[in-house]
Amino acid sequence: MKQSELGKELQCKSFNFDNLELVKDVENKFSIAIPKNWKTNLYQDNLQSSIFFADTTKQLTATFLVDVSFIKNNLEINDLFKLKIEQENLKKKLIQINSKELIFLEKPTYILISKGIKSDYLYQKLQAFIKIDKNHFILAKAEVYGDSLTQNRLCKAISLIEKIKIIQ
């Protein structure tokens with residue numbers, strides 16, 4: 001599989017995962033390939049449909065968490081939006097370390113990487129806001145805890161996020 005602009009931006013090498021299964025969100029808006037033995041939770045409300053997954057066989061500081069949500073809302077990637085997201089992260093004491101507009105899943109995307117402390121752990125968070133159409137977007141988040149191999153784990157998360165397929 002060709003590496004995405006997101007993977008290139010973070011200078012990731014591609015990772016291959018074994019024993020993947022295709023998981024669809026409750027509303028059948030998107031799917032993602034996830035390792036079969038990972039813990040997966042599906043969530044839905046009036047505004048969004050989400051898939052949350054993680055490898056619970058490992059310590060929190062040795063793995064990563066991914067949350068992908070299909071959100072029924074307009075997304076305008078502009079300076080006001082970017083400022084709002086940065087302010088929300090600052091309220092959570094997260095410091096922005098990288099942000100960029102790029103094309104991901106053949107859609108306009110804004111990525112943001114922040115770091116801080118959460119539950120007494122050093123913490124990094126990737127947010128990718130992927131504009132699907134005028135009234136919908138996907139928010140893909142990856143969280144990495146601790147300070148060991150953080151770039152490596154973030155890249156592994158991106159390798160799975162790259163497997164998102166939009167169903168239309």
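List of remarks:
- One residue alone among 86, 76, 27 is out of contact with any helix residue (DSSP H, G or I) (no Cβ under 8 Å at 6 or more places or on another chain) and within 27 Å of residue 146 (Cα to Cα), and that residue is 86.
- Counted residues, the range 9-35 - those being farther than 20 Å from residue 125 by Cβ and surrounded by 12 or more Cβ atoms within 10 Å (Cβ to Cβ): 14
- The range 108-142, residues that are open to solvent by 30 Å² or more (accessible area, probe 1.4 Å) and either on the phi > 0 side of the Ramachandran plot or in contact (Cβ under 8 Å) with a residue 40 or more places away in the chain (or both): 119, 120, 121, 131, 134, 135, 136, 141
- All of (1) at negative phi; (2) at pLDDT below 95; (3) in contact with a strand residue (DSSP E or B) (Cβ under 7 Å, 6 or more places away or on another chain); (4) open to solvent by less than 70 Å² (accessible area, probe 1.4 Å) hold for residue 105 with one exception: (1).
- Candidates in the range 40-68 are the residues that are closer than 22 Å to residue 128 by Cα and open to solvent by 80 Å² or more (accessible area, probe 1.4 Å); of these, the one that is farthest from the chain's Cα centre (by Cα) is 46.
The values are calculated or read from the model by the stated rules, or taken from the named source; none is laboratory data. Please read these numbers as outputs of a predicted model, since none were measured by experiment. So basically every Cβ, Gly included, is an ideal-geometry build from the backbone, and we count neighbours across all protein chains shown. Remember, those area values only see protein heavy atoms, side chains included, never the ligands or the DNA or RNA. Shrake-Rupley method; radii C 1.70, N 1.55, O 1.52, S 1.80 Å.
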